[in-house]
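Single-structure report; data block below.
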Amino acid sequence: MRLSARKLAERLSLYLPVLLMGVLALGTYWLVRITPQISPAAPPGPVRHDPDYRMQQFSVRSFDGEGKLKSEVLGTDARHFPDTDMLEIDSVRIRSFDASGLLTTATARRALVNGDSSELQLFGDARVLREPGPDRAGQRQPRLEFRGEYLQAFLKTERVLSSQPVQLQRGDDQFTADSLEADNQSQVIQLTGRVRGTLRPTAAEAPAK
């Protein structure tokens, strides 16, 4: 029995969507086959503690808003580590002025300095010296010196710490201890462990005539 052209067209119209879906599926499969595969991104590796730049026989200075020298860092060799933003310096010498203009000098065979030079760790023949002079309140401060194989200094808060044996000299007074915590702003120095000290008597005032 022959189908009329009209009925044939109706049956074909029923199968046309299925046929189009099949062609689309085949096209998609073909596109997937010919598209180059993108390899997944490799997971980030561990951060390496490698320097990103070095300096030799250098001097770095920083100034305040009025153009006055705030600090100066000198050394024979320096390596910057981006993972910690720390600067490792050999044969270091650091000069820093506080708000009242008093000069503090730090020296050591090696040092670690943070990004804004506000914190430093000194290793090997470490020495921190604050010159005498008036503080912000106008009170005269004596010469203050710390010595040891390890010192940690916070220049902004004017603190010096050490977990190793230290020597302290304040004016003519001398002390030794196993550890130290000194806060210049509060004028408090804590010595712990085996503490020994020598206190020099102050000169007696001449009698009034």
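The values are calculated or read from the model by the stated rules, or taken from the named source; none is laboratory data. Here the structure is a predicted model, which is why all the values come from computation and not from measurement. Cβ sites come from the backbone with ideal geometry, for glycine too, and all protein chains shown count toward neighbours.
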Taking the conditions exactly as written (over 24 Å from residue 59 (Cα atoms) and surrounded by 15 or more Cβ atoms within 10 Å (Cβ to Cβ)), does residue 161 satisfy them or not?
yes
Would you confirm, using the coordinates I've provided, whether residue 101 is within 28 Å of residue 170 (Cα to Cα), in contact (Cβ under 8 Å) with a residue 24 or more places away in the chain and assigned to a loop (DSSP other than H, G, I, E, B)?
yes
Identity of the residue in the range 125-138, exposed (fewer than 13 other Cβ atoms within 10 Å of the Cβ) and modelled with pLDDT of 80 or more, that ends up farthest from residue 164 (Cα to Cα)
134
Starting from residues that are farther than 21 Å from residue 137 by Cα and aromatic (Phe, Trp, Tyr), keep the ones in the range 56-105 and report whichever is modelled with the highest pLDDT.
81
With in contact (Cβ under 8 Å) with a residue 40 or more places away in the chain and in contact with a strand residue (DSSP E or B) (Cβ under 6 Å, 6 or more places away or on another chain) as the only criterion, which of 110, 93, 159, 130 stands out?
130
Single match in 75, 67, 124 (criterion: not basic (Lys, Arg) and not in a strand (DSSP E or B)):
67
Under 9 Å between Cβ atoms, at least 6 apart or on separate chains: pull out the pairs that start in the range 52-71 with a residue that is on the phi > 0 side of the Ramachandran plot and end on any residue that is at pLDDT 85 or above.
57/74; 57/75; 57/76; 57/77
Matching residues in the range 148-170 (among the charged types (D, E, K, R) and outside any loop (DSSP other than H, G, I, E, B)) number 3
Here are some residues: 181, 149. Which one is at pLDDT 90 or above, in contact with a Gly (Cβ under 9 Å, 6 or more places away or on another chain) and acidic (Asp, Glu)?
149
